[in-house]
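Below: one structure, written as C-alpha cells.
The values are calculated or read from the model by the stated rules, or taken from the named source; none is laboratory data. Values in this document were obtained by computation on a predicted structure and should not be read as measured data. So basically every Cβ, Gly included, is an ideal-geometry build from the backbone, and we count neighbours across all protein chains shown. Note: accessible area is taken over every heavy atom of the protein model, side chains too, but ligands, DNA and RNA are not part of it. Shrake-Rupley method; radii C 1.70, N 1.55, O 1.52, S 1.80 Å.
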Amino acid sequence: MQTTAVVVPCYNEEKRLHLDEFRKATEAHPAIHYFFVNDGSTDKTAEVLQAFCEENPAQLYYLAMPQNSGKAEAVRTGVCHALQHENQYEFVAFWDADLATPLSDVPTFVELLQATNHNIVMGSRVKLLGRNVQRQLMRHYLGRIFATCASFLLKLPVYDTQCGAKMFRNTPEIRRAFSEPFRVDWIFDVELLGRLLLLERQGEGAKVLETTIEYPLQTWTDVPGSKVRPAHFIKAGFEFFKIAWMMFRGKPPAPLASNNPHQKS
Ligand SMILES: Nc1nc2c(ncn2[C@@H]2O[C@H](COP(=O)(O)OP(=O)(O)O)[C@@H](O)[C@H]2O)c(=O)[nH]1
Ligand SMILES: [Mg+2]
C-alpha cells in the first residue's frame, strides 16, 4: 500500500474547480489519486468533471451520487468507494473542492502520517503571524464558538473540527467510522471524531487523543461562493444535540461485514 486517495465532494462547483491545480498536483505526485464525487449538481459540474477525469484515468476518478445527498454522504461514499480496494490505499483524505486548503498540503499530510504513528491529520485554521489564514471575521468568531462547543462535547482538546481538509490512515476503525451514513450533515466531522471516540471507549479503536494531529495550515483562503448559509448554523446547533445523544448512548458503528471488501475488519 503506497497510494493516497483524496475524495473531493462537489456540489455545483462548475465555476470554482481549479482544474489546473489538480493537473499540477497529479503530475507532481503520481501516487496520489483523486475521487471527485458529484453530489447531484444542477450546473455543469458533471460534464466538467467527467471530461477532466478522462484526461488521466489512472489518477482521476469520477463518482456520481444519484441525487443531492449533502457533503457528509458525498464524502462518505467517496471514502468507502476508494477503500473498496482496501490494500490499494494507505491513506484516504477528503478535501474541499474550492481548494481553500491548497493541494500542496496533500503531500504534507501524507508525510506527517508516514513519519509518525498517527492515524489522522486534520487541517487547522489558526490565525498566526506569518501565516496566511484569511477568514471572514463573522465566520471566524462563529467558528471559534462552534469549535469550543465541539471540543466540550467530545471532551477532546480539538481546535478546529470543521476545516475541509483531513487525512486518515486506512485502518479497520477508520473504515468502520465511515461505514454507516452520518446522522448529521454539516458537522459530520464532529460525528466522525465521536464515532472514533466511542470505538476507543469500547476498546475497539486506537486512542483518538494520541493518534490525531491538528496541522496548522500555512495558507487557508475563504473562497467566495460558499454554499453555507446562516440557516446552516442554526441547523448545526440541532445537529449538535444528535451527536450529544449518540455520545450519551455510547453505541459505536456496527462491526464491519466480512462479505464487503471495504468493510473488512
Ligand atoms: N456533496 C455536497 N457537497 C457540498 C454541498 N455543499 C457544499 N459542498 C461541498 O463542500 C465543500 C465546502 O463547501 P463550501 O460551500 O465551500 O463551504 P465552506 O468552505 O464551509 O463555506 C465543497 O467541496 C463543496 O462542493 C452539498 O450540498 N453537497
Ligand atoms: Mg469553501
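Taking first residues from segment 149-169 that are basic (Lys, Arg) and partners that are assigned to a helix (DSSP H, G or I) and modelled with pLDDT of 95 or more, the Cβ contacts under 6 Å between residues at least 6 apart in sequence or on separate chains come to 169/113. The single residue among 236, 206, 177, 244 that is farther than 17 Å from residue 79 by Cβ, aliphatic (A, V, I, L, M) and open to solvent by less than 30 Å² (accessible area, probe 1.4 Å) turns out to be 236. Of all residues in segment 1-16 being outside any strand (DSSP E or B) and open to solvent by 20 Å² or more (accessible area, probe 1.4 Å), which is nearest to ligand 2 (Cβ to nearest atom)? Within segment 1-16, the match that is nearest to ligand 2 (Cβ to nearest atom) is 16.
Scan segment 139-174 residue by residue and report those that are outside any loop (DSSP other than H, G, I, E, B), away from ligand 1 (no atom under 16 Å from the Cβ) and open to solvent by 20 Å² or more (accessible area, probe 1.4 Å). Scanning segment 139-174 gives 148, 149, 151, 152, 153, 169, 172, 173.
Residues of segment 71-97 that are modelled with pLDDT of 95 or more, open to solvent by 20 Å² or more (accessible area, probe 1.4 Å) and of a type outside the set (Ser, Thr, Tyr): 71, 73, 76, 81, 90, 96. Report whether or not residue 140 is out of contact with any Asp or Glu (no Cβ under 7 Å at 6 or more places or on another chain) and farther than 27 Å from residue 26 by Cβ. When the stated conditions are applied, residue 140 passes them. Among residues of segment 43-54 that are within 17 Å of residue 20 (Cβ to Cβ) and open to solvent by 40 Å² or more (accessible area, probe 1.4 Å), those with a Cβ under 9 angstrom from a residue that is of a type in the set (Ser, Thr, Tyr) and not in a helix (DSSP H, G or I), sequence gap 6+ or separate chain, pair up as 54/62.
Being more than 11 Å from ligand 1 (Cβ to nearest atom) and open to solvent by less than 20 Å² (accessible area, probe 1.4 Å) is the requirement here; does residue 62 meet it?
It is false that residue 62 is more than 11 Å from ligand 1 (Cβ to nearest atom) and open to solvent by less than 20 Å² (accessible area, probe 1.4 Å).
Condition first: of a type outside the set (D, E, K, R) and within 15 Å of ligand 2 (Cβ to nearest atom). Now tell me which residues in segment 222-232 satisfy that. Matches in segment 222-232: 223, 224, 225, 226, 228, 232. Scanning segment 218-248 for residues that are in contact with a Leu (Cβ under 9 Å, 6 or more places away or on another chain) and at pLDDT 85 or above yields 221, 223, 240, 243, 244, 246, 247.
Considering segment 209-233, and only residues there that are more than 30 Å from residue 43 (Cβ to Cβ) and among the charged types (D, E, K, R), the residue that is least open to solvent (accessible area, probe 1.4 Å) turns out to be 214. For segment 117-133, a residue qualifies if it is touching a residue at least 60 places away in the same chain (Cβ under 8 Å), surrounded by 12 or more Cβ atoms within 10 Å (Cβ to Cβ) and in a loop (DSSP other than H, G, I, E, B), and the qualifying residues are 118, 119, 125, 126, 131. Only one of 175, 169 is within 18 Å of the chain's Cα centre (by Cα), more than 20 Å from residue 215 (Cβ to Cβ) and basic (Lys, Arg); which? Of 175, 169, the one residue that is within 18 Å of the chain's Cα centre (by Cα), more than 20 Å from residue 215 (Cβ to Cβ) and basic (Lys, Arg) is 175.
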